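Input: a single structure, listed below in structure tokens.
Nothing in this text is a laboratory measurement; each read-out follows from the coordinates by a stated rule. Treat the numbers as computed from the prediction; the structure is a model and nothing was measured. Positions of Cβ are backbone-derived with ideal geometry, glycine not excepted, and every protein chain shown enters the neighbour counts.
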Amino acid sequence: MIDVPQVITIASTDASGGAGINADLKTFHNQGVYAATIVVGITAQNTYGVQDQHPIPANFILEEFKSIADDLDIKAAKTGALLDETRVHAVAQGWQAYNLGKLIIDPVMVAKGGAHLLSDPAIEALKNELIPLAFLITPNLPEAEVLVGNSLETNSDIINAAIKIQKMGADNVLIKGGHRASTNNEYADYILYEDGSSEWLTTPGIKTNRTHGTGDTLSSFITANLAKGYNLKSIMPQAKEFTYEAIRQTINVGHGHGPLNHWVKVTMETEDNQ
Ligand SMILES: Nc1ncnc2c1ncn2[C@@H]1O[C@H](COP(=O)(O)OP(=O)(O)OP(=O)(O)O)[C@@H](O)[C@H]1O
Ligand SMILES: Cc1ncc(COP(=O)(O)O)c(N)n1
């Protein structure tokens, strides 16, 4: 029998396959971990936008937690679109009842097409109930602005926001820069680690609108490799490179914000830097 690290995504599906649970599963498979799912919502969606969404009942979400916890040996979990306050509350409740390892929170709020995937009351629940449980939180720039309540224009604004979000209870904070290229066309993400150290991770910007599911892909890569036992600092450069290559080696699917190429080959350099 082969032992394989087990992970879970706690999020919503994307009918067109490019974001949400669908992107998570493809990334997990690419990285060689076994993936389970707790479906929180379903969306009728394509690369043009989200046409409809449907939450899963809270008691059913708790049943999903129990089914997984009773059987699987999950090492790390990530959340995605949680839709509303009831679902955020159910996930926090499920997590407290059945801790499933390291928790990575991707606080998805608005899809690239503009649809809201988290209601306003849910943001307070996310701050109060879920962020304190997080090993890592991965907001994009607009999400970080909502969490801290001010706009983030400069690098020092971003650094201060990460400190503020860490104080909300997340051990590590990654603020993704995909919504703003720098003047020299670079995309820089900032990460503040639990030991107080920090770094900027930068790649050239790719001029494309085919970026559906970039955040899901990045946070799933991190989740997979945490489950394998790598430490966060050793994962981050590879996570950034994987996402960059998945955008760069684009595939011809859909007519709007196209999905990424989840077949690209970027792996951790060694198996012993844990
Ligand atoms: N055009 C681009 N060129 C290079 N890197 C990009 C580009 N767009 C996004 N990225 C990178 O992709 C990663 C995800 O960032 P982004 O800010 O897009 O997340 P997100 O908005 O949460 O994504 P999504 O909501 O699509 O899942 C980051 O590492 C970011 O720097
Ligand atoms: C179910 C689901 N989860 C997450 C996203 C965010 O991805 P994007 O910002 O690329 O639309 C999405 N569109 N749908």
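Considering only 21, 206, 123, the mean-square fluctuation computed in a Gaussian network model of the chain, springs between alpha carbons under 10 angstrom, is largest for 206.
What's the Cα-based Rg to Rh of segment 138-211, Rh via Kirkwood?
Numbers: Rg = 12.2 Å, Rh = 12.6 Å.
For segment 138-211, the value is 0.97.
Electrostatic tally near residue 125: other residues with Cβ closer than 10 Å to its Cβ, Lys and Arg +1, Asp and Glu -1, net -2. In a simple Cβ point-charge model (Lys, Arg +1; Asp, Glu -1; nothing else charged), segment 1-114 has a dipole of about 280 debye relative to its Cα centre.
Taking the Cα centre of segment 6-248 as origin, work out the dipole magnitude from +1 charges on Lys and Arg Cβ and -1 charges on Asp and Glu Cβ, in debye rounded to 20. Show your work: numbers first, answer last.
Values: 18 positive and 27 negative charges, 108 e Å.
In debye, rounded to 20, segment 6-248 gives about 520.
Restricting things to Cα coordinates, could you compute the convex hull volume per residue of segment 6-248 in Å³? Intermediate values should be presented prior to the final figure.
Values: hull volume 26.5 nm³, N = 243.
Measuring per residue, one finds 109 Å³ for the Cα hull of segment 6-248.
Ellipsoid fit via the Cα gyration tensor, segment 51-121: semi-axes of 23, 14, 10 Å, each the root of five times an eigenvalue, largest first. Among 176, 26, 207, the largest mean-square fluctuation in a Gaussian network model of the chain, built with springs joining Cα atoms closer than 10 Å, belongs to 207.
Projecting the Cα positions of 68, 260, 227 onto the charge dipole of the chain (unit charges on Cβ atoms of Lys, Arg, Asp and Glu, taken about the Cα centre) puts 260 furthest along the positive direction.
Annotation: the antiparallel percentage among DSSP beta bridges lying fully within segment 34-175 is about 45. Fully extending the segment from residue 48 to residue 63 would add 2.1 nm, taking 0.36 nm per residue of separation and subtracting the current Cα-Cα distance.
Looking at segment 148-239, the GluC sites (Glu not before Pro) that sit in a DSSP loop and have at most 15 other Cβ atoms within 10 Å of their own Cβ are 153, 194.
How large is the direction-averaged shadow of the alpha-carbon convex hull of segment 1-55, in nm²?
Values: hull surface 15.7 nm².
That works out to 3.9 nm², a quarter of the Cα hull's surface.
What does DSSP give for segment 120-274 in terms of the percent of beta bridges that are antiparallel, rounded to the nearest 5?
On the way: 10 of 14 bridges.
Rounded to the nearest five, the antiparallel share is 70 percent.
What fraction of the DSSP beta bridges in segment 6-248 is antiparallel, stated in percent and rounded to the nearest 5? About 40 percent, rounded to the nearest 5.
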